[in-house]
Structure formats: C-alpha cells, structure tokens
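Comments concern the structure below.
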Amino acid sequence: MSGQRHRLLVLAAATLGLGVAGSLQAQSLYQQKVEVPTTLEYDSNPALSTTSAGSVSRWRVAPRYTLLRREGADELDLKLGATLEQSSNTALSRNRQDLDGDVQWQHATERSVYVLRAGVAQVALRDALLDETGQLVTDGTRTSRVLAASAQRELTELYTLSGSVNASWNRYSGTMTPDSRQVGASVEFGRALAPGTSVFASANLSNFVPDTPFIASSMMRGVTVGYRSNIPGDPWSWMVSGGGSSYTGPISDTAAQFAAQAAYQAPRWSASLGFSRGPVTDSLRGTFSPNQQMRAGAEYALTEFTRVGLDLAYNRTRGTLTSATRSVGMRVSTELSPLWRVGFSVRRLQVERSDFFVNTRAASTMASVVLTYSHPDF
C-alpha cells in the first residue's frame, strides 16, 4: 500500500507541475524541458555469475521533465521522472517501474548562497551498488528519500565559510539488505590565494543507523585540508585534499583519506580524472567500510554533431568480504535533428569478490543503443 501511495504522490506532483507550467508558459521566468531516452540493451551475463547463467535483453524508456523558475535572487528547480524497463528474462533481470522526483530552491545574493533540497528516487540496487561501492548483490529496489540544506558565505574578499546538513532514508525490497537512515553535517573554511585558486579546511560528521536490532549504529568523523585551482581562461582545473577519518560501530577503524581530481576542457576535447580513498557508507554490512575509487573519461567532437568517448572506472570496498569492479566503455553519439539524437555504447564489466578462503571473478559485456527525444524550453 505504501508503494502505491508513493506512486500516486509522484504522479500527482507531475500532473500539478505540468499544469502549473502550462498556465505560466508565456512568462519568461519559467523554463521547461522534456527528455525521453529509449534504450535497447544487451547484457551477456546480468547475474555476473562465474558459470554464465545466461544473457538478457532489456527495453527501457525513462521520461524526464524539468521546470526551472528564476525570479530575482531566487531559483526553483523541479524534476520529475520515471524509468520503465522490460526484460527478456525476468529470472535474471526484473521488469522495473521506478519513479523519482526532486525539488530544489536556491537563494543567491552578492555574498551568500542558500540551498534547500528534497527528493525521492527508486533505483535498481544492483546497479547502484556496483557504481557506488563496487559491490554485487541480488537485484532489488532501493527507495531513497533525501532532505538537505547548505549555505555559503563570503566573509571577506579572501575568506569563505560554507556548511551543509543532510538526512536520508533508504528502503529496500527484493533483497536482504536492511533498511537504514543516515544524518550528516559538514563545514568548510576557505582562503583565496589568487583569482581561481584557494586552500581550504573541512570537517564532517555522519551517523548511520540500520533499521534492525541486530546491527548497532555507526558514527564517522573526518577532517581534511586541500587546494583548488579553477583559473578563469585556463583549460585545466584540479583539486587535491587529504586528511584522516575514524568511525565506530560494528566495525571501528581510523585511516587516512585522500582525494584528487583534474579536468581539461578545450573546444573539441574534454577529459577528467579522479581518485579517492576513504570510508563510505556500506549498506550491505550496516556500517562504514574503506573504499578506493578511480574514474577517468575523455570525449572528442568528431564533427559539430558527433562525439565519441571513453570511460574507465575502478571501485573497491574492503571489509570481511572484499568487492571490486573494473569497467571500460566506449560510446558514440550523434545529433539527428535539433530534437533527436542517437547513441551507441559498449561496456566491459569485471567483478572480483574475495574473503579469507575464496576468490571469485566474473565478467559481463553490455551493448546498447539509445534514441533520445529532447525538447528544451517549450
């Protein structure tokens, strides 16, 4: 019954958003966008089984609607969407009917920015964990509800102060993963060195509570210092930070954490590289666990309408069981008309799981074609 109420609320919000947008379409304060990607996907081993349990084909349509309202210092952003998926073999990959919605309000003045956000989203748990922590689980659904607030204040021409608080509630179906809730807060103090460059120090606190009496809650604390460079006119931008973190709960540990990011932007080229090491939320174990991630990507414009890209990723979470994924993907997309574009992609995914006694590996190849209809500012 709660799932039906959730769907009715999101659909009602979508109807209300479309109605409000239609009645105010003539006003320049409002901008609307509709995007409808339709995907046909082939997955050679969706279960990532070492014995190759079989392949599957999926058909997916994911309409998205965005309404943006700007007036003076205020900006309101509403996003509504759905993902409908049909599988050729529901024993390996389930049919899906996921909904999501997000609303954000921002108030910006000459020296301050304030943001409030609320959202709800349903996603395939298997895809989410493979992307976030490199972990493999039986396919299920995660429903996340999020409330967040942040503020940034320019104290002087050199010093800035920012902070945020957020709360999330996760519910799981079709899996043994326990429901959970998490509350966190962070603060950052920065000093500008020159236009586009700054140093900063930050601290964060997070409390993770599984909704089960068998797993105790966990608390994480961390501090970092770092440097940012985003000089106007320079095609390069980068950031590096380092510090320490500690967490207590079912598993306790203290460790160093590190992050680095670099990006390059040129008229026809764009590239990015990122690395991070530190504890992340481990919903499978109901605590925090050490994690390492590396992501790299590059895109090149062959013509005014056609682009090609390459993506690499590595993700490893270590606990009583260590899980790691490696992926490499290639993609090409071209604009057929101002409203239509088509894309092709191929991705190779490898998963490794190990404990004290067993080390298993599995792989899958995914190929997809995506036809997207996009109508901006109608």
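The values are calculated or read from the model by the stated rules, or taken from the named source; none is laboratory data. Please read these numbers as outputs of a predicted model, since none were measured by experiment. We place every Cβ from the backbone using ideal geometry, glycine too, and count neighbours over all the protein chains shown. Ligands, DNA and RNA are excluded from the accessible area calculation, which covers all protein heavy atoms including side chains. Shrake-Rupley method; radii C 1.70, N 1.55, O 1.52, S 1.80 Å.
Can you go through Val280, Val351, Val370, Val346 and tell me which one is under 22 Å from the mean Cα position of the chain (by Cα), under 29 Å from Gly81 (Cβ atoms) and open to solvent by 70 Å² or more (accessible area, probe 1.4 Å)?
That would be Val346, the only listed residue that is under 22 Å from the mean Cα position of the chain (by Cα), under 29 Å from Gly81 (Cβ atoms) and open to solvent by 70 Å² or more (accessible area, probe 1.4 Å).
Taking the options Ser173, Ser168, Ser112, Ser150, name whichever one is surrounded by fewer than 16 Cβ atoms within 10 Å (Cβ to Cβ) and within 30 Å of Ala73 (Cα to Cα).
Ser112 is the lone residue from the list that is surrounded by fewer than 16 Cβ atoms within 10 Å (Cβ to Cβ) and within 30 Å of Ala73 (Cα to Cα).
Results for (1) surrounded by fewer than 17 Cβ atoms within 10 Å (Cβ to Cβ); (2) among the basic types (Lys, Arg); (3) under 30 Å from Arg96 (Cβ atoms); (4) touching a helix residue (DSSP H, G or I) at 6+ places or on another chain (Cβ under 7 Å), shown as yes or no for each residue.
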site: Glu188; (1), (2), (3), (4): no, no, no, no
site: Gly196; (1), (2), (3), (4): yes, no, no, no
site: Phe200; (1), (2), (3), (4): no, no, no, no
site: Met220; (1), (2), (3), (4): no, no, no, no
site: Tyr247; (1), (2), (3), (4): no, no, no, no
site: Ser252; (1), (2), (3), (4): yes, no, no, no
site: Ser270; (1), (2), (3), (4): no, no, no, no
site: Phe275; (1), (2), (3), (4): yes, no, no, no
site: Gly286; (1), (2), (3), (4): no, no, yes, no
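Taking the criterion of being of a type in the set (S, T, N, Q) and within 16 Å of Gly134 (Cα to Cα), would at least one residue in the stretch 271-282 satisfy it?
Scanning the stretch 271-282, I find at least one residue that is of a type in the set (S, T, N, Q) and within 16 Å of Gly134 (Cα to Cα), so the answer is yes.
Counting only residues that are open to solvent by 40 Å² or more (accessible area, probe 1.4 Å) and out of contact with any Phe, Trp or Tyr (no Cβ under 7 Å at 6 or more places or on another chain), which one in the stretch 229-238 is nearest to Phe258 (Cα to Cα)? Give the derivation first.
Looking only at the stretch 229-238, we keep the residues that are open to solvent by 40 Å² or more (accessible area, probe 1.4 Å), and these are 230-236, 238.
Next, from what is left, pick out any that are out of contact with any Phe, Trp or Tyr (no Cβ under 7 Å at 6 or more places or on another chain): 230-234, 238.
Values: Asn230: 20, Ile231: 23, Pro232: 26, Gly233: 28, Asp234: 25, Trp238: 14 Å.
Out of the qualifying residues, it is Trp238.
Mind checking which pairs have a first residue in the stretch 319-330 that is touching a residue at least 24 places away in the same chain (Cβ under 8 Å) and a second that is among the aromatic types (Phe, Trp, Tyr) and open to solvent by 20 Å² or more (accessible area, probe 1.4 Å), Cβ under 8 Å, 6 or more apart or different chains?
Ala324/Tyr314; Thr325/Tyr314; Arg326/Tyr314
Restricting to the stretch 48-89, count the residues that are open to solvent by less than 60 Å² (accessible area, probe 1.4 Å), hydrophobic (A, V, I, L, M, F, W, C) and not in a strand (DSSP E or B).
3
Limited to the stretch 121-141, what total is found for residues that are at pLDDT 95 or above and open to solvent by 30 Å² or more (accessible area, probe 1.4 Å)?
Looking only at that region, the number is 1.
What tally of residues in the stretch 33-47 results from selecting those that are open to solvent by less than 60 Å² (accessible area, probe 1.4 Å), closer than 18 Å to Ala367 by Cβ, touching a residue at least 60 places away in the same chain (Cβ under 8 Å) and not hydroxyl-bearing (Ser, Thr, Tyr)?
Qualifying residue count, the stretch 33-47: 5.
For the stretch 153-164, which residues satisfy the criterion of being under 22 Å from Ser245 (Cβ atoms) and exposed (fewer than 15 other Cβ atoms within 10 Å of the Cβ)?
Result: Leu161, single match.
Hey, can you tell me all the residues within the stretch 121-150 that are part of a strand (DSSP E or B) and either charged (D, E, K, R) or over 13 Å from Asp98 (Cα atoms) (or both)?
Result: Arg142, Arg145, Val146, Leu147, Ala148, Ala149, Ser150.
Which one is farthest from Pro250 (Cα to Cα) among residues in the stretch 202-215 that are over 22 Å from the mean Cα position of the chain (by Cα) and open to solvent by 60 Å² or more (accessible area, probe 1.4 Å)?
If we take residues in the stretch 202-215 being over 22 Å from the mean Cα position of the chain (by Cα) and open to solvent by 60 Å² or more (accessible area, probe 1.4 Å), then Asp211 is farthest from Pro250 (Cα to Cα).
Quick one: in the stretch 313-331, which of the residues that are among the hydrophobic types (A, V, I, L, M, F, W, C) and in contact with a Lys or Arg (Cβ under 7 Å, 6 or more places away or on another chain) is most open to solvent (accessible area, probe 1.4 Å)?
In this case the residue turns out to be Val328.
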